[in-house]
Amino acid sequence: MARGEGQRPFSELRLDRHEPKLLWFGELASDDKLPDVLGACQQALLAHEGRALAFWTLYADRPDAAQILHLRVSYEAQPGGTTSLPAEFWVALHPHRKARGRTAAAALQRYVESWLAMTRLSVEPLAEGYARGLSALWSRLGAR
């Protein structure tokens with residue numbers, strides 16, 4: 001069993017013919033949301049006993065406009081053949097806001113930067129995130 005399995009703040013979701021995933025969606029709208037966001041990242045990255053493969057994507061058009069950070073994590077099979085469900089983390093950032101969430105957005109950027117020695121980060125246009133189904137996923141989770 002993976003570490004912290006019962007504590008994961010993720011929702012399990014199966015879309016059509018796709019394999020199920022554990023998903024977490026949030027918004028870093030103010031500094032007080034940072035512990036929830038970092039906690040979800042930590043659980044996705046470290047909750048599994050074996051190796052995890054992680055990929056970060058930042059969907060953004062400009063550094064001073066709304067952004068979406070996406071983390072995908074898949075896990076190596078455990079002895080005995082069990083594998084944890086892959087996890088996806090999505091968070092909306094608003095670095096352009098002066099008062100709310102700016103410090104938290106900077107702290108999250110530092111956190112992601114600390115993982116880049118072992119993972120990779122790609123930057124894509126914001127529209128690409130929507131093209132990859134973010135809007136459909138977000139509305140489906142909101143309908144629950």
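Brief remarks on what is shown
- Subset of segment 104-129 [part of a helix (DSSP H, G or I), closer than 20 Å to residue 51 by Cα and charged (D, E, K, R)]: 113
- Matching residues in segment 57-93 - criterion: being surrounded by 13 or more Cβ atoms within 10 Å (Cβ to Cβ), aliphatic (A, V, I, L, M) and in contact with a Pro (Cβ under 9 Å, 6 or more places away or on another chain): 60, 66, 73, 85
- Within segment 53-71, not a single residue is touching a residue at least 60 places away in the same chain (Cβ under 8 Å), assigned to a strand (DSSP E or B) and among the charged types (D, E, K, R).
Values quoted throughout were computed directly from the atomic coordinates according to the rules given, and no laboratory measurement underlies them. Note that the structure is predicted; figures quoted are calculated from it, not measured. Here the Cβ is made from the backbone with ideal geometry for all residues, glycine too, and neighbour counts use every protein chain on show.
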